[in-house]
Amino acid sequence: MNKLADINLAPEGGFKGFGALGLEEGQSAPAVFTKFISSVIGLMTIIAIIWFVLLMIMGAIGIISSGGDKAALESAKKRITTGILGFVVVIAAIFIVQLIGKLIGIPNILDLPVLLEGIQQ
């Protein structure tokens, strides 16, 4: 008589993760880490750009709809200034990290696969 615990429920190839981090190709841990970090940085950059565009649109609508109200006009101008400043900070961060990498002797600090390969050696 078969008991429920005797039934093998595992798939033929075993259990694997889903998506890019599932290691279907047998990737090494540094390769998975590189993909993960690149994806996170890309996602954060896209979110920053979308936030910048939204602040610009909300600021423009605020200026148009202020109707002579000095406080509303000033609030809309601050929103636009905040958006521009945030965008400049995001873009400047890339150059600052590259500069710091050159100053401390790591020229490939933004090229994560090359950086990890150098660390492993």
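The values are calculated or read from the model by the stated rules, or taken from the named source; none is laboratory data. Keep in mind it's a predicted model, so treat the numbers as computed, not measured. Cβ: placed from backbone, ideal geometry, glycine included. Neighbour counts: every protein chain shown.
Counting the residues of segment 84-113 that are outside any loop (DSSP other than H, G, I, E, B) and within 17 Å of I41 (Cα to Cα) gives 15.
Just one of I80, I100, I64 is surrounded by 12 or more Cβ atoms within 10 Å (Cβ to Cβ) and out of contact with any His (no Cβ under 6 Å at 6 or more places or on another chain); which is it? So that I can check it myself, show each step before the final result.
Details: I100 fails: surrounded by 12 or more Cβ atoms within 10 Å (Cβ to Cβ); I64 fails: surrounded by 12 or more Cβ atoms within 10 Å (Cβ to Cβ).
Only one candidate qualifies: I80.
Take the conditions modelled with pLDDT under 80 and aromatic (F, W, Y) and apply them to F15. Does it pass? When the stated conditions are applied, F15 passes them.
In segment 62-81, is there at least one residue being farther than 30 Å from F33 by Cβ, of a type in the set (D, E) and either in a helix (DSSP H, G or I) or in contact (Cβ under 8 Å) with a residue 60 or more places away in the chain (or both)? The answer is yes, given that some residue of segment 62-81 is farther than 30 Å from F33 by Cβ, of a type in the set (D, E) and either in a helix (DSSP H, G or I) or in contact (Cβ under 8 Å) with a residue 60 or more places away in the chain (or both).
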